[in-house]
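Every number here is computed from the coordinates shown, using simple stated rules; none is lab data. Given the structure is predicted, the values throughout are model-derived calculations rather than measurements. Glycine also receives a Cβ, built like all others from the backbone with ideal geometry; neighbour counts cover every protein chain displayed.
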Amino acid sequence: MSEASKHKPPATEAASLQGTLGQSGPGGAFELAPGAGLVVRDLGVMPYLDAIKQQHRSHARVLAARGAEGEAPGASSGVLIGELLLVEHPPVITVSRRPGAGAHLLASAELLASMGVTVHETDRGGDITYHGPGQLVVYPIVDLNRLHLRLHDYMRLLEAAVIGACGTMGVASQRDAGATGVWTVPTGEVASAKLCAMGVRVSRWVTLHGLALNVSTDLSFFDLIVPCGLAGREVTSLKQRLGAACPSMADVKATLVPALASALVKQMEARSDGR
């Protein structure tokens with residue numbers, strides 16, 4: 001059995017989730033599984049600032065659930081771990097407040113305007129990145145107190161879930177000791193490249209922001225910046241690695257969402273068992 005097939009979820013499970021995502025439509029919400037305590041909201045295509053507002057609404061619901069268990073929408077179990085927001089953004093470059101991050105924007109305002117790219121400051125961690133069509137952005141708004149996690153362990157949990165999902169889709173990936181995110185495993189003369197960027201913020205121990213997985217992203221837009229402030233490091237996508245075998249956005253959602261949910265629910269169960 002290949003390493004990828006070990007991680008592959010049953011076809012019926014993936015098809016069921018894909019159907020649920022499709023039926024919910026942009027802005028639709030559903031609980032991932034009865035009693036899971038995780039609500040998935042597929043926002044479709046949404047401008048970056050509008051998605052920030054959606055994150056703040058989710059953040060408020062997750063915080064409210066601490067004091068009113070069972071009252072949060074979708075949390076039939078009475079315990080709300082959090083919400084997973086799925087979105088694609090129109091072309092946008094986001095720049096963190098880290099000193100020097102702005103210097104990693106290489107393009108002029110005129111070039112950005114001609115390409116239809118907006119620029120926004122962001123309060124997440126990390127440096128500078130690009131979001132655009134063909135990229136799946138996931139904002140997990142989760143209660144780290146409920147999960148008994150702190151930020152470092154939470155980031156490692158996200159990385160592990162993405163690595164497992166990418167393996168299922170046929171791309172071997174790994175962590176990089178010197179850079180947060182998920183990177184392809186180097187093969188032959190092909191160097192490791194960033195497949196998934198990550199940057200989060202924590203407010204009252206509930207997370208904001210999250211991860212961006214390049215599915216069929218136009219990678220030329222990354223030439224406008226020094227991605228994540230890492231000079232000389234390449235960026236890649238599932239499409240670049242898999243070619244015609246690249247899964248659709250719907251299939252990527254149907255693979256990545258269960259991987260993230262499973263990791264979060266297992267952490268919640270371990271916490272409940274006192275492990």
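Sorting CYS196, CYS246 from the fewest to the most surrounding beta carbons within 10 angstrom yields CYS246, CYS196.
Taking Lys and Arg as +1 and Asp and Glu as -1, the other residues whose beta-carbon sits under 13 Å from that of MET249 total -1. Around the amide H of LEU80, modelled in the peptide plane, lie the amide H atoms of GLY70, all under 5 Å away and 5 or more residues distant in sequence or on another chain. Distance between the 7 Å Cα→Cβ label points at TRP205 and GLU121: 3.0 nm. Annotation: extensible slack from ALA113 through LEU49 equals 21.3 nm (criterion: 0.36 nm per residue apart, minus Cα-Cα distance). Convex hull volume of the C-alpha atoms in the range 129-240, normalised per residue: 107 Å³.
Taking other C-beta atoms within 10 Å as the exposure proxy, GLU121, GLU234, GLU83 rank GLU121, GLU234, GLU83 from fewest upward.
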